[in-house]
Amino acid sequence: MARLFSATVFREMAKKGRSGLFRRLIEQTNLRERADPRATVGDTFNLAFEILKIAGHRDEYIYRAAISQKVLMGTHSLRTASMLNEFRAGRCKADLVILNGTATVYEIKSERDSLARLANQVENYKRVFAKVNVIASEGHIEGVLATVPIDVGVMCLSKRYRITTMREAVDCPARICPVTVFESLRMVEAAAILRAMGVMVPKVPNTQRHAAMRDLFVALDPVALHVEMVRTLKRTRDLAPLGDLVERLPESLQAAALSVPVRRADQPRLIDATATPLHTAMSWS
């Protein structure tokens, strides 16, 4: 059932207007029997999501959806904030980052996850983001509090699918490492940040460009760099154009829409696929 929310199913529906994998996964569950006879594909996704929201069944997607719905689009909006998925930070990849007035990273520890790598992940995140949060299941909270430093925020996704802040994250851009930030960026983003900070981008051969720009980042003030990083990434990774798509999809698929790239030309096909009657979708190949 959890595989219904995979990027593969989402992309297949966008590209073809149908998904053979969706049909096969439905056949392997009891969702068809539990769904209303008039249910659409979108209704079926919502039904699966409601089942998976129950503690014990929840995987990373459920947590991403909670942050997307309750933080990104609840506290903020797609017009004022942006979100990054699987963003490189040192030797790790951040699960989810929200850019508003600052950059806040959320490390997800679902019921299926171990805390073995958590301490190392948090230290890597501190080198790029001003605020670091860990969001975990109720069963992990005690272990998370014992593992991470006191400047790291701790949040709990309850059995009732509510996010509770157990400890606030400290906003500390002064601790970021300019070189680590540079290694996380696209070259065009790094160049834009240098220009915004009044630093001339070196005109050197492409083979020397990375090293030359890296040397310039070393000398940047961390706090000023963090401000420009947030401004630049909010512009280059803007999610506002996805607002219409998000509103027209079932709530259970909104997190996928914000994390799985879909061409604008494919969006109507995706919307139509979710509106397809489930009984019709059972012939998808």
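The values are calculated or read from the model by the stated rules, or taken from the named source; none is laboratory data. Only a predicted model underlies this, so the values are computations on that prediction, with no experimental measurement involved. When we count neighbours, we look across all protein chains shown, and the Cβ atoms used for this are built from the backbone with ideal geometry, even at glycine.
Computed quantities for the displayed model
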{"item": "Hey, residue 23 of a type in the set (D, E, K, R), closer than 15 Å to residue 281 by Cα, in contact (Cβ under 8 Å) with a residue 24 or more places away in the chain and not in a helix (DSSP H, G or I) or not", "result": "no"}
{"item": "Residues of the stretch 228-275 that turn out to be in contact with a Gly (Cβ under 8 Å, 6 or more places away or on another chain) and of a type in the set (Val, Ile, Thr), as a count", "result": "2"}
{"item": "Elements of type strands (runs of 3 or more DSSP E) contained in the stretch 46-151, each with 1 or more residues being farther than 19 Å from residue 229 by Cα, hydrophobic (A, V, I, L, M, F, W, C) and at pLDDT 95 or above", "result": "103-109, 131-137"}
{"item": "Out of 207, 180, 165, sole residue that is loosely packed, with under 13 Cβ neighbours inside 10 Å, under 27 Å from the mean Cα position of the chain (by Cα) and either of a type in the set (Ser, Thr, Tyr) or part of a loop (DSSP other than H, G, I, E, B) (or both)", "result": "165"}
{"item": "Residue 266 surrounded by 14 or more Cβ atoms within 10 Å (Cβ to Cβ), among the charged types (D, E, K, R) and in a helix (DSSP H, G or I)", "result": "yes"}
{"item": "Hits in the stretch 135-162 - residues which are over 17 Å from residue 111 (Cβ atoms) and crowded, with 20+ Cβ neighbours inside 10 Å", "result": "148, 152, 153"}
{"item": "Unique match (being at positive phi and not small (Gly, Ala, Ser)) among 12, 86, 50, 60", "result": "86"}
